[in-house]
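These notes concern the structure reproduced below.
The values are calculated or read from the model by the stated rules, or taken from the named source; none is laboratory data. Not measured: the values here are computed from a predicted model. Ideal geometry is used to build each Cβ from the backbone, glycine not excepted, and the neighbour counts take in all protein chains shown.
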Amino acid sequence: MPAKKGNQYNLKFKTPAERQALCHAWCNHLAEGFSKESFPQCDPQTFRSYVEKFPKDFDTQKIEAAERSGQLVWEKIAMSLALGAKGNAAVLIATMKNRFGWRDKVDITSNGKTLHTIEQKTRQIAEGIAKHPHVQLPQSADVGAGAQPV
């Protein structure tokens, strides 16, 4: 005989108490600095589906606080490395970029002048064009001293 539609037989965490314990364990895991992917009780997609199906059993403010606490763990490691502690800076940089969206700030100077990235120059040019729409641009621009048309 087939199971009734909408049953919860396939749920690993069937009761509110089990789901609240799951949320507590998830928060502790993240707050210690571990990734969502390394949580041993379930994968992140399963956890998200429980949060969506049973929102009363999952305190989203505590989950967000745990995520921030986990990032704080890694930022403290970064601070200690910056202050001279031993550690692997490359691993820390990769972790911060991959898990917390950190990126390199491009600020290059040469002979006391700040050089801009292509994105910065493109934005400046676009803003200048927007301010002066009546100015006609040449068909091919001279991109540097001695540049030859292609």
Practice prompt. Collect the residues in region 13-42 that are surrounded by 12 or more Cβ atoms within 10 Å (Cβ to Cβ) and under 19 Å from the mean Cα position of the chain (by Cα), keeping them in residue-number order.
Written response: W26, C27, H29, L30, A31, G33, F34, S35, K36, F39
Response to the item:
Residue count, region 49-104, condition more than 30 Å from K14 (Cα to Cα), part of a loop (DSSP other than H, G, I, E, B) and touching a helix residue (DSSP H, G or I) at 6+ places or on another chain (Cβ under 6 Å), comes to 2
Discussion item. Let me confirm something: among K56, K62, K86, which residue is among the basic types (K, R), surrounded by fewer than 13 Cβ atoms within 10 Å (Cβ to Cβ), out of contact with any strand residue (DSSP E or B) (no Cβ under 7 Å at 6 or more places or on another chain) and at pLDDT 95 or above?
Written reply: K56
Practice prompt. Kindly indicate whether any position in region 101-109 is modelled with pLDDT under 95, surrounded by 13 or more Cβ atoms within 10 Å (Cβ to Cβ) and over 30 Å from P16 (Cβ atoms).
Written response: yes
